[in-house]
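Read-outs throughout are calculated quantities, based only on the coordinates presented, and are distinct from any laboratory measurement. Remember, it's a predicted structure, so these values are computed and weren't measured experimentally. Neighbour counts are summed over all protein chains in view; Cβ atoms, including those assigned to glycine, are modelled from backbone coordinates with ideal geometry.
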Amino acid sequence: MTATKRAVELVEIAAAAAADKLASDIIAYDVSEQLVITDAFLLCSAANDRQVRSVVDEIEERLRKAGAKPARREGEREGRWVLLDYIDIVIHVQHAEERVYYALERLWKDCPVIPLPEPVGAAGVGGAGQGGPNRGGIGPAERG
């Protein structure tokens, strides 16, 4: 089983929204083979609490326009790690420090990466907080 077309579409919309708010290290995983609760995870980092909120707001707005409503939203008060659960996809917007500490990529490294469209997928992600080639995300050095 692989992520549904709708899940991939939502991931692409959310990734573009995150990139527009200058989120970094954007990467998506197809977790449908590993989890029954969702098809895909989208991970991205933000430099500070304010940017985390800005990225979350933009993602929610774009997904709302695409007809998707979150089933659950957690972590907003602290502004360091916000989880948006859209059933088909789960989005993690993390402060850069939390991204490094929790290293969610380690947990999902065996899952297929969902390719992200240009310009989001133009640059790579080599791990939390570091740009790197060919991993389907946008790193700090590539934002221009």
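Some points to look at:
- Cα gyration tensor shape for region 1-117, rounded if a/c is under 1.5, else prolate or oblate: oblate
- Hz values of 3J(HN,Hα) by residue in region 55-70 - Karplus curve (6.51, -1.76, 1.60), Gly and Pro given as x: 5, 4, 4, 5, 4, 4, 4, 5, 5, 4, 5, 8, x, 9, 10, x
- Rounded FRET efficiency, nearest 0.05, which uses the C-beta distance separating Glu74 from Leu22 and R0 of 25 Å: 0.65
- Here's the list of lysines a cross-link from Lys69 could span, going by alpha-carbon distance under 27 Å and ignoring same-chain residues fewer than 8 apart: Lys5, Lys21.
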